[in-house]
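One structure is given below, encoded as structure tokens.
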Amino acid sequence: MFYERKTKSQNAFSFILFPISIIAIWLVLSVTLGFEVSFYVLGAIFFIISVWPFIIFWRTRNSGYLALGIFQSAAGLMCVSAPPAFADKSEVGLIPLFMVIMYGAMLVSFYNLVNRKLKWRGVEIFELAAMPIEDTGENYTARPRPAGQTQVSKTEMIRFVDFITRSLIAFPFKEDNRIVFVLALPNRELRYLLGLNKDYLEDTWVAINYDGNVSVHITEKDYLLFKQDLNFDQLCESLGDVFIEFLELSKAGRESQIIDKMNALRLNPMSD
């Protein structure tokens with residue numbers, strides 16, 4: 001698929017900044033405090049950072065983050081087990097097992113990374129919504145817009161919510177008569193995964209009620225993610241159409257086609 005990207009590119013440098021920082025800290029500690037101490041500190045760092053992917057897995061059931069958490073935990077175990085083995089080879093203990101688990105989970109995590117299974121996909125949803133829109137105009141409004149209709153049962157909605165959550169597309173809010181999907185756009189995940197946001201009013205969302213009515217709200221901040229001032233009414237309608245199409249594919253058991261549509265955009269897997 002060839003198309004002109006309509007959202008502003010996100011900086012992927014932050015993704016590689018963290019591992020570079022870890023390596024730098026380990027080198028500095030090795031020189032200043034010694035090789036063994038540096039491994040203990042590195043192990044502690046791995047244990048701390050492994051908490052985050054486990055939280056993501058717990059909240060989304062995205063198995064890619066489970067593999068990442070296992071990799072980081074095994075790396076931490078290997079690091080804290082290594083210093084005694086440096087002094088006495090008989091103290092190797094479970095290090096070979098930790099290494100097998102670490103390298104196995106690392107390969108799985110790398111595969112998931114390059115295949116976009118660890119990627120928050122809100123920007124891709126914006127791209128799909130903007131793709132058919134050529135008209136521009138400064139007609140932004142903060143009020144929610146009706147954006148079409150569909151038919152859905154509660155069982156079908158449960159399946160759809162599970163898929164949307166697991167695929168890192170949106171964060172669902174379950175209400176009495178509808179589900180509100182808050183798009184997983186840049187810098188949203190922390191607040192929602194930790195339960196710091198009690199409502200969705202300040203973010204972009206798509207709501208589908210059990211009567212089949214679809215409504216859309218796009219914040220001004222998120223509207224500015226687009227390179228141009230796209231026709232706002234058309235954008236809201238198109239975003240609703242994207243979710244209606246996704247829901248229809250989910251009802252037919254064809255969720256893999258949804259993933260294919262997002263992957264076909266070929267956005268950087270290491271940035272939002």
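The values are calculated or read from the model by the stated rules, or taken from the named source; none is laboratory data. In this text, all values refer to a predicted model and were calculated from it rather than measured experimentally. All Cβ positions, glycine included, derive from the backbone under ideal geometry; neighbour counts span all protein chains shown. For accessibility, only protein heavy atoms count, side chains too; no ligands or nucleic acids. Shrake-Rupley method; radii C 1.70, N 1.55, O 1.52, S 1.80 Å.
I need the full set of residues from the range 51-82 which are of a type in the set (A, V, I, L, M), out of contact with any Gly (no Cβ under 6 Å at 6 or more places or on another chain) and open to solvent by 30 Å² or more (accessible area, probe 1.4 Å), in order please.
Those that are of a type in the set (A, V, I, L, M), out of contact with any Gly (no Cβ under 6 Å at 6 or more places or on another chain) and open to solvent by 30 Å² or more (accessible area, probe 1.4 Å): Val51, Ile55, Leu66, Leu68, Ile70, Leu77, Met78.
Does the range 140-152 contain any residue that is in contact (Cβ under 8 Å) with a residue 12 or more places away in the chain, in contact with a Phe, Trp or Tyr (Cβ under 6 Å, 6 or more places away or on another chain) and surrounded by 13 or more Cβ atoms within 10 Å (Cβ to Cβ)?
Yes: one or more hits.
If I filter the range 188-222 down to residues being of a type in the set (Phe, Trp, Tyr) and more than 22 Å from Leu118 (Cα to Cα), which single residue comes out as least open to solvent (accessible area, probe 1.4 Å)?
Tyr200
Report yes if Tyr210 is in contact with a strand residue (DSSP E or B) (Cβ under 9 Å, 6 or more places away or on another chain) and over 18 Å from Gly148 (Cβ atoms), otherwise no.
Answer is no for this residue.
Give me the helices (runs of 4 or more DSSP H) completely within the range 173-272, filtered to those with at least 1 residues that are modelled with pLDDT under 90, ordered by residue number.
189-193
With the structure loaded, tell me whether Thr32 is open to solvent by 70 Å² or more (accessible area, probe 1.4 Å), touching a helix residue (DSSP H, G or I) at 6+ places or on another chain (Cβ under 9 Å) and of a type in the set (Ser, Thr, Tyr) or whether it fails that test.
Answer is yes for this residue.
Given the criterion farther than 30 Å from Trp52 by Cα and buried (at least 20 other Cβ atoms within 10 Å of the Cβ), identify the matching residue among Leu225, Leu185, Leu235.
The match here is Leu235.
Among the residues of the range 110-154, which ones are of a type in the set (Val, Ile, Thr) and either under 15 Å from Asp260 (Cα atoms) or touching an Asp or Glu at 6+ places or on another chain (Cβ under 8 Å) (or both)?
Val114, Val123, Ile125, Thr136, Thr150, listed by residue number.
Can you confirm whether the range 247-258 contains a residue that is more than 20 Å from Phe163 (Cα to Cα), surrounded by fewer than 16 Cβ atoms within 10 Å (Cβ to Cβ) and not β-branched (Val, Ile, Thr)?
No: the range 247-258 contains no residue that is more than 20 Å from Phe163 (Cα to Cα), surrounded by fewer than 16 Cβ atoms within 10 Å (Cβ to Cβ) and not β-branched (Val, Ile, Thr).
Would it be correct to say that Ile48 is surrounded by fewer than 21 Cβ atoms within 10 Å (Cβ to Cβ) and closer than 25 Å to Lys119 by Cβ?
So Ile48 passes the test.
Give Lys89, Lys117 a once-over and let me know the one that is out of contact with any Leu (no Cβ under 8 Å at 6 or more places or on another chain), open to solvent by 70 Å² or more (accessible area, probe 1.4 Å) and free of Cβ contacts under 8 Å to residues at least 24 places away in the same chain.
Lys89
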